[in-house]
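A short write-up of the structure that comes next.
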């Protein structure tokens, strides 16, 4: 699994000019599921993200987690995170999981985040054509790949 985590002051998912999901201060997570990903990858990633210290403490140092600040989370599926661009100019998505497997792990990842944070996690529409609006705070953007554990 690959995730792009952005610390945001707000973010929303819009489909057909209708706001599907909206969050205030917290994380916007773009999630790509790979062919060989498992529920263990989803759990590891949810645990890692929930413990990331990317929010300011009283001394304005990034020293607090999403759990500590009780921040919001919005997860959006993004198979294009597994694009391969080595050959030619048209990206290949051969490593991205097929929809039927990807949606299961996408939902499992969200469930793990909800269990860990004890908060409702908002989401986009899996496989949908979405417009994402966000205000990146900082900016702070982190990339995590479960295959590299970094």
What's the extension gain from residue 131 to residue 15 if we count 0.36 nm per residue and subtract their Cα-Cα distance? 41.1 nm
Which distance in nm do the two modelled labels at residue 39 and residue 103 give, with both placed 7 Å along the Cα-to-Cβ direction? 1.8 nm
Rounded if a/c is under 1.5, else prolate if a/b is larger than b/c, else oblate: which is the range 90-150, with a ≥ b ≥ c the root eigenvalues of its Cα gyration tensor? rounded
Helix 99-117: inclination vs the chain longest Cα principal axis, degrees, rounded to 10, gives 10 degrees
Please report 41, 137 as a ranked list, fewest other C-beta atoms within 10 angstrom at the top and most at the bottom. 137, 41
Of all the Cα-Cα pairs you can form in the range 15-150, what percent are over 22 Å apart? 41 percent
For the chain, what is the calculated [θ] at 222 nm in deg cm²/dmol (nearest 500), taking -39500 (n - 2.57) for each run of four or more DSSP H residues and dividing by its residue count? -7500 deg cm²/dmol
Nearest-0.05 FRET efficiency for residue 59 and residue 118 at R0 = 30 Å, using Cβ-Cβ distance, is 0.70
Starting with the fewest neighbours, write out 114, 24 ranked by other beta-carbon atoms found within 10 Å of each beta-carbon. 24, 114
Order of 133, 98, 119 - criterion: other Cβ atoms within 10 Å of each residue's Cβ, fewest first: 98, 133, 119
C-alpha long axis of helix 39-51 to longest principal axis of the chain, angle in °: 30 degrees
Normalised by the number of residues in the chain, what is the relative contact order in percent for Cα pairs under 8 Å and 6+ residues apart? 37 percent
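Every number here is computed from the coordinates shown, using simple stated rules; none is lab data. Just so we're clear, the structure is a prediction, and the values are computed from it rather than from any experiment. Quick reminder, even Gly has a Cβ in these numbers, built from the backbone with ideal geometry, and neighbours come from all protein chains shown.
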